[in-house]
Amino acid sequence: MTEIIRYRCEDCKDTGIVKERDGNIHTCWKCLQEGRLSQHSDKLPSHNIKI
Ligand SMILES: [Zn+2]
């Protein structure tokens, strides 16, 4: 059975960095927008998680 890993952000896989198909690497706009990049810790407090 395959374990499904859920990321908070599918774009960057929670790394904060997105790699485009053409090889370009840039900051994840989605995380930037949601303020995840400012506190780049492994686990955020539960009250910061939006459902
Ligand atoms: Zn992201």
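The numbers here are math on the coordinates, done by the rules we state, and not lab data. The shown structure was predicted, so the numbers you read here are calculated from the model rather than taken from an experiment. Methodologically, a virtual Cβ is constructed for each residue, glycine included, from the backbone with ideal geometry; neighbour enumeration extends over all protein chains shown.
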Response to the item:
Taking Lys and Arg as +1 and Asp and Glu as -1, residues besides Arg36 with C-beta under 10 Å from its C-beta add up to 0
Practice prompt. Within the set of other residues whose C-beta is less than 12 Å from the C-beta of Cys12, count the net charge using Lys and Arg as +1 and Asp and Glu as -1.
Written response: 0
Response to the item:
Spelling it out for Ile17: with amide H atoms placed in the peptide plane at 1.01 Å from N, the residues 5 or more places away or on another chain with amide H under 5 Å from its amide H are Cys28
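Arranged by the count of other C-beta atoms within 10 angstrom, fewest first, what order do Glu3, Glu34, Glu10 take?
Glu3, Glu10, Glu34
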